[in-house]
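Notes to accompany the following structure.
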Amino acid sequence: MYDQLKQHVAKVITIPDEEMSEFVGLFTEVPIKKKNFLICPHQRVVTEYYVLKGCLKAYYLDDSGEEHIIQFAVEDWWISDFEAFFSGQLSKLYVEAIEDSVTLAIDKEVLETVYARIPKFERFFRIKTTAAYVSARKRILATLEKSVSQRYLDFCVAYPDIEKRVANYQIANYLGIQPESLSRIRKQLELTS
């Protein structure tokens, strides 16, 4: 199982085997059943999770109780309430398993110790955080600039594994549209292909 994390890290940085082994040894395996939560609002978030197996979503509920999906995470992705994790504020998000999942958890204090001892891991997480920021910014700009049909097509290209694994209403939610609109878009796309 930890080999998957090692391969994930090795795609970004080169690190000696002994340092890699030390790093992966700091993670704790956290299995989570479908519809269970890793994080709920108003919690202190000191952990981030690497997904070994399964699919999760991060979302918040607005004042009327409506769900707004911020992120999906499948194998080889990271998930948490990152605002709470980095700022020390209480969480605003739920992180819930869409499928039975297995994650690897690492504590923020442990990460800080690793950064001091093995600075290459700070570089690894900086690169991952920068990529996540760029992705979030692209999503915001797409919402402002692109049609819903184009945003759906972009989603399918960028996240083909997710598109096949989550319910249509969840994809619609992520795109900020009603499920009926997504059905209409899919039918239109089928007619034009």
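The values are calculated or read from the model by the stated rules, or taken from the named source; none is laboratory data. In this text, all values refer to a predicted model and were calculated from it rather than measured experimentally. Positions of Cβ are generated from backbone atoms using ideal geometry, with glycine treated the same way; all protein chains shown enter the neighbour counts. Quick note on the areas: whole protein, heavy atoms, side chains included, nothing else; ligands and nucleic acids left out. Shrake-Rupley method; radii C 1.70, N 1.55, O 1.52, S 1.80 Å.
Looking at the square roots a ≥ b ≥ c of the eigenvalues of the Cα gyration tensor of region 25-101, which shape do they give, rounded for a/c under 1.5, prolate if a/b is larger than b/c, or oblate?
Values: a/c = 2.01, a/b = 1.24, b/c = 1.62.
Oblate shape, in that a/c is at least 1.5 and b/c is the bigger or equal ratio.
Phi-derived couplings, Karplus 6.51 cos²θ - 1.76 cosθ + 1.60 at θ = phi - 60°, listed residue by residue for region 139-146: 5, 4, 5, 4, 4, 7, 10, 10 Hz, with x used for Gly and Pro. In this structure the amide hydrogen of I98, modeled in the peptide plane, comes within under 5 Å of the amide hydrogens of K35, C55, L56, K57, none closer than 5 places in sequence on its chain.
Here is the list for region 141-184: trypsin sites (Lys or Arg not before Pro) lying in DSSP coil, each with at most 10 other C-beta atoms within 10 angstrom of its C-beta, are K164. Would you work out what percent of the accessible area of region 49-193, with all protein chains in place, is carbon or sulfur (probe 1.4 Å)? It is 55 percent, rounded to a whole number. For V166, no residue whose modelled amide H falls within less than 5 Å of its own remains once neighbours fewer than 5 places apart on the same chain are excluded.
Note on the chain: with charges restricted to the Cβ of Lys and Arg (+1) and Asp and Glu (-1), its dipole about the Cα centre is near 560 debye. Spatially, region 122-150 and region 1-78 are offset by 18 Å when compared through their Cα centroids. The calculated FRET efficiency for D107 paired with K33, based on their beta-carbon distance and R0 = 30 Å, is about 0.85. For L141 and E190, a Förster radius of 25 Å and the Cβ-Cβ distance give a FRET efficiency of 0.35, rounded to the nearest 0.05.
Averaging 1/r over every pair of different alpha carbons in region 78-153 and inverting the result gives a Kirkwood radius of 15.2 Å. The label-point distance for R44 and C156, in a model that sets each label 7 Å from Cα toward Cβ, rounds to 4.7 nm. Quick one: if the Förster radius is 35 Å, what FRET efficiency do R126 and Q178 give, using the C-beta to C-beta distance and rounding to 0.05? Between R126 and Q178 the formula returns 0.40. Checked against a 21 Å cut-off, the cross-linked pairs K6/K35; K6/K108; K6/K120; K146/K187 give Cα-Cα distances beyond that limit for K6/K35.
Compactness of the chain is given as radius of gyration and Dmax, 17.9, 57 Å, from Cα positions. With contacts taken as Cα pairs under 8 Å and at least 6 residues apart, the chain reaches a relative contact order of 23 percent.
Helix-only arithmetic for the chain: the sum of -39500 (n - 2.57) across DSSP H runs with n ≥ 4, divided by the residue total, places the mean residue ellipticity at 222 nm at -15000 deg cm²/dmol. Computed on region 110-193, with alpha-carbon pairs under 8 angstrom and 6+ residues apart, the relative contact order is 14 percent.
Solvent exposure of the chain amounts to 57 Å² per residue of accessible area, where only protein heavy atoms count and the probe is 1.4 Å.
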